[in-house]
Amino acid sequence: MPVAESFAVSEPAGWGLLRQARPVLWRNPAWQAQVPAAQLAGQAQGLDAMEAAQRQLQRFAPLLAALFPELQASEGRIRSPLLAVPRMQQALGLAPAPGADLGTLLLKADHRLPVAGSVKARGAVLEVLSIVQAVAERHGLWTPGQDPQVLLLPAARAVLARYTVAVGSTGNLGLAIGTLAAALGFQACVHMSAEAREWKKQYLRARGVTVIEHATDYPQALAHGRAKAAVQPHTHFVDNERSLALFLGYSTAAFELQAQLQALGRSVDAQHPLMVYLPCGVGGVPAGIAFGLRQLLGPHVHCWVGEPVQSPCVAQALLAPPLPGQAPPSVYALGLNNTTEADGLCVPQASDLAVETMRPVLAGGFTVADERLFMDLCRLDASEGLQIEPSAAAGFSGPQWLTSPAGVDWRLAHGLEDLSGALHVVWTTGGALVPPALYGQWRARGEALLAQDTAAP
Ligand SMILES: *Cc1c(COP(=O)(O)O)cnc(C)c1O
């Protein structure tokens with residue numbers, strides 16, 4: 001597989017490659033070895049806040065277990081496995097060879113997360129449970145320490161039904177919030193931007209959720225939903241770009257990964273660095289997960305974000321110097337068009353809070369052409385029998401970038417010439433609920449691209 005171009009931040013040519021929608025690797029100029037607390041909701045948020053989020057999820061777990069049969073085995077907790085994927089490692093051309101041993105590839109299988117079918121699940125659960133708790137306490141339906149299953153009683157549900165939970169989404173956040181809110185007894189209203197898939201709208205409507213379709217891109221759909229919710233009584237608008245509960249919910253994935261690594265007997269240190277590759281849209285999910293991992297596991301966790309070549313809004317925001325008080329730039333200003341089949345990553349402008357949280361945290365990122373997403377989607381199915389959506393494939397080109405010139409420079413700067421003890425965790429962020437017929441089309445497309453690829457000289 002040819003190594004594509006890559007650049008260090010200091011190289012102006014890098015901006016040219018981004019503008020040309022070419023796959024690139026970029027390094028974060030503001031990375032810090034010690035991660036400060038995140039400034040969110042007017043307060044410094046660190047490990048304490050993550051632990052409080054964990055307790056909240058635990059406290060309400062019995063309620064979720066009662067509502068969702070698929071959560072009975074995990075007693076109401078939403079978790080995903082960490083999978084060994086040796087055949088995929090081989091399919092990517094990353095099997096250890098003499099003089100070229102990058103370490104071991106693993107997969108954090110959030111595409112299998114129950115209830116939501118995507119990485120949004122942990123944040124969505126914490127967000128909706130926080131709303132439930134606020135309403136329940138206001139109306140004296142539940143007090144801390146009480147079994148949360150009292151909220152399943154008809155009288156409690158009648159009160160919850162007077163409230164609306166609204167959200168703006170390119171698809172998966174709406175799917176997660178809408179499903180959870182409706183199951184808990186709220187009215188639910190999802191504002192979908194133009195790229196949202198038809199099946200997601202149908203899925204939500206079948207669960208009693210109101211879906212409002214917008215012909216505009218995500219920031220505009222979000223603005224509309226937010227404005228509408230502001231003038232409606234008893235309506236809570238879930239703000240993907242500002243919500244503390246979403247951020248902390250996402251960050252709890254770090255506790256899960258930490259426990260899974262411990263179970264494998266793997267430590268994280270200078271000889272055993274952990275590389276994590278996260279598909280990235282508006283930046284909220286990767287900010288939460290990367291922040292959580294850096295808080296728990298320290299400076300030897302290196303988090304990278306993968307974005308579509310036409311939607312690299314987080315790269316654009318982090319490569320530019322911070323401009324306090326100003327909105328992050330838009331990819332349209334780079335001459336890009338924000339067109340991609342990766343609907344979960346189809347975002348022209350990053351969340352400012354996510355960008356500021358990621359600034360000291362991320363090692364860097366890379367961009368991915370849609371063709372590569374379909375090829376990796378197909379490779380994963382052919383090698384390991386796992387089915388993901390295109391957005392969820394954005395991490396797979398990450399490890400190979402560490403062998404590119406800029407990747408090697410980065411390794412030298414961090415004393416990581418030898419990666420043979422490294423773990424590379426590719427985060428697969430969605431796919432479980434995709435209709436099989438649609439998945440079949442994606443896979444066929446990947447197959448055709450792979451056939452062309454090997455036929456090329
Ligand atoms: C939402 C989403 C992401 C990225 O999350 P952001 O917060 O938008 O950066 C990645 N993959 C999938 C499948 C998603 O739904």
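Rule-based calculations on the coordinates, nothing more; no lab input. Remember, it's a predicted structure, so these values are computed and weren't measured experimentally. Here Cβ is always computed from backbone atoms with ideal geometry, including for glycine, and neighbour counts include all displayed protein chains.
ALA41 versus ALA84, label points 7 Å from Cα toward the beta carbon: distance in nm?
4.0
Between segment 311-328 and segment 186-244, how far is it from one alpha carbon centroid to the other, in angstrom?
25
Percent of Cα-Cα pairs per 5 Å bin, from 0 to the last occupied bin, for segment 25-156, please list those.
Calculated P(r), rounded to whole percents: 2, 8, 12, 15, 14, 14, 12, 9, 6, 4, 3, 1, 0, 0.
At a 10 angstrom cut-off on C-beta neighbours, averaged per residue, how do the peptides 291-300, 403-412, 131-140, 377-386 rank from highest to lowest?
Values: 291-300: 20.9, 403-412: 17.6, 131-140: 16.1, 377-386: 19.2.
My ranking of the peptides, most packed first, is 291-300, 377-386, 403-412, 131-140.
Report the extension gain between ASP453 and GLU417 in nm, rounded to one decimal, defined as 0.36 nm multiplied by the number of residues separating them, less their alpha carbon distance.
Going from the current span to full extension adds 10.0 nm.
With a 10 Å radius around each residue's Cβ, average the other Cβ atoms per peptide and rank 143-150, 73-80, 48-55, highest first.
Highest to lowest by the protection proxy: 73-80, 48-55, 143-150.
Can you tell me, using C-alpha contacts under 8 Å and at least 6 residues apart, the relative contact order of the chain as a whole percent?
In percent, rounded to a whole number, it is 22.
For VAL211, list long-range residues whose amide hydrogen, built 1.01 Å from N in the peptide plane, is under 5 Å from its own amide hydrogen.
The answer is VAL190.
How would you rank 359-366, 163-170, 305-312, highest first, on the average number of other Cβ atoms within 10 Å across their residues?
Answer by packing, highest mean first, reads 305-312, 163-170, 359-366.
In percent, what relative contact order does segment 41-102 have, based on Cα pairs under 8 Å that are 6 or more apart in sequence?
17
Of THR428, THR252, how do they rank once you tally other Cβ atoms within 10 Å and put the fewest first?
THR252, THR428
Of the beta bridges DSSP finds with both residues in the chain, what % are antiparallel, to the nearest 5? Kindly include the intermediate steps, with their values, before the conclusion.
Details: 12 of 46 bridges.
Here the antiparallel bridges make up roughly 25 percent for the chain.
For GLN58, project a label point 7 Å along Cα to C-beta. Then give me every residue of segment 285-312 with its amide nitrogen under 19 Å of that point.
292-293, 296-297
Applying 1/(1 + (r/R0)^6) with R0 = 30 Å to the Cβ-Cβ distance of SER383 and ALA73, what FRET efficiency is obtained, to the nearest 0.05?
Computed FRET efficiency for SER383 and ALA73 comes out at 0.65.
For ARG207 and VAL150 in one chain, what is 0.36 nm times their gap in residues minus the Cα-Cα distance, to one decimal in nm?
Gain in length upon complete extension: 18.3 nm.
Compute the Cα gyration tensor for the chain, then decide on rounded, prolate or oblate, letting a ≥ b ≥ c be the square roots of its eigenvalues: rounded whenever a/c is under 1.5, prolate when a/b is larger than b/c in the other cases, and oblate in all that remain.
The shape class here is prolate.
Which lysines, if any, have their Cα less than 21 Å from the Cα of LYS200, not counting same-chain residues under 8 positions apart?
Counting by Cα, and skipping residues close in sequence, LYS200 has these lysines nearby: LYS120.
Distance in nm between label sites at GLN271 and ASP409, each 7 Å beyond Cα in the beta-carbon direction?
According to this spin-label approximation, the distance is 3.1 nm.
Which one, TYR332, GLN271, GLN310, projects farthest toward the positive side of the charge dipole computed for segment 226-348 from Cβ point charges (K/R +1, D/E -1)?
Farthest towards the positive end: TYR332.
Expected output is a single nm value to one decimal: the length gained when fully extending between LEU296 and GLN262, i.e. 0.36 nm times separation in residues minus the C-alpha distance. What is it? Walk me through the intermediate numbers first.
On the way: separation 34, 0.36 × 34 = 12.24 nm, distance 1.26 nm.
Difference between extended and current length: 11.0 nm.
Output the 0 to 90 degree angle, nearest 10, between the alpha-carbon long axis of helix 284-297 and the longest principal axis computed from the alpha carbons of the chain.
80
So, in nm, how far is label ALA161 from label GLN232 when the simple model puts each one 7 Å beyond its Cα toward the Cβ?
For the pair ALA161/GLN232, the computed spacing is 1.7 nm.
State whether segment 322-457 is rounded, prolate or oblate according to the following rule on the C-alpha gyration tensor (a ≥ b ≥ c being the square roots of its eigenvalues): a/c under 1.5 gives rounded; otherwise a/b larger than b/c gives prolate, and the remaining case gives oblate.
Because a/c hits 1.5 or more and a/b fails to exceed b/c, segment 322-457 counts as oblate.
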